[in-house]
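Quick notes on the structure that follows.
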Amino acid sequence: MSQGTAASDTQAAAPMTPLKGLLVLLGVIVVIGAFVWLCLTVGTRQFWAAFVFLLCWASVEHMAFDKLAHCVVGGLAGLMLAWSEHLLPGWLGDSGKLVFFGIILVAVYAIIMGWVPVLINFAFMLFLTIGTIPAVQQGLDFPGAFTAMVLGMVFFPALVWAGMRVMAMRATAQPQT
């Protein structure tokens, strides 16, 4: 391990000071406020969908860009399947529920077998679970949720990418000791 790496590891492991923590909190408030404003500007109040996407990508996948597609595709498909629970009975009558449950069984089997992990994954099941909660479905505007989700799927990764670029530029601009 080189000295530069050891020094940066020590800095990364240092606990955050209360002042830095407050500055980070302020940054989070600004970012969330900007995103909520963006959603309201395009006419949706369903920002929860974007925040669940962010929670999944940040907490489960640690904001890894190579796992972003899993969160995007799985999240959209899971929300779409949740919406189908609402739509299929209207289209197919009582058999619509059977079709819905059949699709869920296939999805669970695909998870068990490890098939199609870009589509059937944690994000898929998370959005399916949330989107099928009866109390959630009663007040859920699915098109608005999809709108907010897509905005979040662009906004948050773009922000992370830009932050990473700025940090990389700052790291290369600092003189090495």
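Things to note:
- Screening A148 against (1) surrounded by 18 or more Cβ atoms within 10 Å (Cβ to Cβ); (2) in a helix (DSSP H, G or I); (3) over 13 Å from the mean Cα position of the chain (by Cα) leaves a single unmet condition, (3).
- Whenever a residue of the stretch 81-99 is touching a residue at least 12 places away in the same chain (Cβ under 8 Å) and acidic (D, E), its partners that are in a helix (DSSP H, G or I) and crowded, with 19+ Cβ neighbours inside 10 Å, lying with C-beta atoms within less than 7 angstrom and at least six residues away or across chains, give the pairs E85/F100.
- The stretch 63-102, residues that are in contact with a Ser or Thr (Cβ under 7 Å, 6 or more places away or on another chain) and aromatic (F, W, Y): F100
- Among residues that are under 22 Å from the mean Cα position of the chain (by Cα) and either surrounded by fewer than 19 Cβ atoms within 10 Å (Cβ to Cβ) or outside any helix (DSSP H, G or I) (or both), V118 is included.
- Extreme residue, nearest to A148 (Cα to Cα), among residues of the stretch 36-86 that are in contact with a helix residue (DSSP H, G or I) (Cβ under 6 Å, 6 or more places away or on another chain) and among the aromatic types (F, W, Y): F47
Bear in mind these aren't lab numbers, they're just calculated from the coordinates by the rules spelled out. Please read all numbers here as calculations on a predicted model, not as lab measurements. All Cβ positions, glycine included, derive from the backbone under ideal geometry; neighbour counts span all protein chains shown.
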